[in-house]
């Protein structure tokens, strides 16, 4: 029996070029699902060095290129992440998809917003040099971490938890969505799947494809689900965290470098 067609499939943080990227599994997911819209929610690449891409990584990009063919009747959207910056124009031509800073669509009468989430990561915004140095160090550790990369993946999870990044991004994203009249907001960046509801707004984080438990988000007639990939088995994933009070929305606009108008619209790169 053919799987039902989803309105939207969202996945983020594949980090092509990274030694811990699970690009092959992400490709298998795309080949096993039926969807009208695919949103690549940022950090599809690890960095600007294409020499680090292996065969699995190029095969994933080839699949995106094929899906973007108009005959497929699938809308492909690339939302820029902090690791993707500088690649937008190149990738738009390479895989034939538009790249957005944020993307807005309406489904079942609800307004949805997809934005990577690094705009709400104040540590990275205020410590750009330190963050870049940390990324380079982590890349080196991955090279030295032989085998199944357990230590590298542990460090990735530890970094997110140490910075309390997941709850901070969620709180800021919820405030940002509320100010813009958004019903559902979707982010990546933190590498941790999460659902939060506040003041009539739902926040969903897609997780990442660099750990042993890759996750993604689906939007369809049955609602929104955070799913865990098990080599063809899709399980709903429930993980709740308590978020701190959000910062002032005006401050969030300034931090994110985004316009502060009431009705958000999509912004092309």
Output for the stretch 5-34, where each listed residue is in contact with a strand residue (DSSP E or B) (Cβ under 7 Å, 6 or more places away or on another chain), surrounded by fewer than 22 Cβ atoms within 10 Å (Cβ to Cβ) and over 11 Å from residue 60 (Cα atoms): 5, 6, 7, 8, 17, 33, 34
Are any residues in the stretch 47-62 surrounded by 17 or more Cβ atoms within 10 Å (Cβ to Cβ) and in contact with a helix residue (DSSP H, G or I) (Cβ under 7 Å, 6 or more places away or on another chain), and if so, which ones? 57, 60, 61
Of all residues being part of a loop (DSSP other than H, G, I, E, B) and modelled with pLDDT of 85 or more in the stretch 37-46, which is surrounded by the most Cβ atoms within 10 Å (Cβ to Cβ)? Just the residue, please. 44
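The values are calculated or read from the model by the stated rules, or taken from the named source; none is laboratory data. Keep in mind it's a predicted model, so treat the numbers as computed, not measured. Neighbour counts run over all protein chains shown; Cβ positions are idealised from the backbone, glycine included.
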